[in-house]
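Working notes, structure below.
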């Protein structure tokens, strides 16, 4: 795993070499995130089922941190779309894990803005320790969903990448929406099908005891297994020379 760490360090150093582009990208993302913070701030004091503006800011911080870390550490997942040009072959000929070669091949500049703002908010707001303790599982959950989304390129011909990018962002939509107000069975959508709620309010609900940690663990396990299966199946389909979308 040392080479993975070295690869990530190299990506970060490469990003810092393009200082102007790097700073513009980071500033743009910070401004985008600040817009949502200002919206919450100007809403003033409010409470929805016990969740006040501070809870919303903590939820927002957790979600931006998850998204930022995935983009920084595994931003190369978007390279899966290169199967249409044959450029993915360069990663498959290298020794070791094809997933790690692809996933760590790129770092997204703008996601440093999410990381910076997410960490800053969490340091200022000081969320419950148990929420921080379960945060790594939400990171793995979002990473797994992202891998699943882009692995669908192996089965669905869509070279513009718009469908897969939209699918990846659906959990973020539910992360920024008060999903906790939904009763069962509608809550299955944001907590399981597009599990973005776990990236934000779900962590606070665990700290409050209103949602069981086992639900998060089982959801993470399900999406991790599904993502690995989809990736392996798709990679095998691609490696065997099957024409995507032309033959079964």
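Every number in this text was worked out from the coordinates using simple rules, so none of it is lab data. Since this is a predicted model, take the numbers as computed values, not measurements. All Cβ positions, glycine included, derive from the backbone under ideal geometry; neighbour counts span all protein chains shown.
Points to keep in mind about this one:
- Largest GNM mean-square fluctuation across 219, 107, 146, computed for the chain with C-alpha springs under 10 Å, falls on 219.
- Most mobile listed residue (148, 18, 180) in the chain, GNM with C-alpha springs under 10 Å: 18
- Relative to the longest principal axis of the Cα atoms of the chain, the long axis of helix 162-175 makes an angle of roughly 20 degrees.
- The C-alpha atoms of the chain define a longest principal axis, and helix 53-74 lies at about 10 degrees to it.
- Available extension along the chain between residue 90 and residue 35 is 15.8 nm, counting 0.36 nm per residue and deducting the alpha carbon span.
- Residue-averaged [θ]222 nm for the chain, counting only DSSP H segments that reach four residues, each worth -39500 (n - 2.57): -21000 deg cm²/dmol
- Gained length - residue 208 relative to residue 181, 0.36 nm times residue gap less alpha-carbon distance: 8.2 nm
- The modelled label-to-label distance for the pair residue 10/residue 221, using points 7 Å beyond Cα in the direction of Cβ, is 3.7 nm.
- Sorting the Cα pairs of segment 68-181 by distance into bins of 10 Å, from 0 upward, gives 12, 39, 32, 14, 4 percent per bin.
- Residues 47, 239, 200, ranked from the fewest to the most other C-beta atoms within 10 Å, line up as 47, 239, 200.
- The chain has equivalent-ellipsoid semi-axes of 32, 22, 16 Å, by the square roots of 5 times the alpha carbon gyration tensor eigenvalues, sorted largest first.
- Relative to the longest principal axis of the Cα atoms of the chain, the long axis of helix 213-239 lies at roughly 20 degrees.
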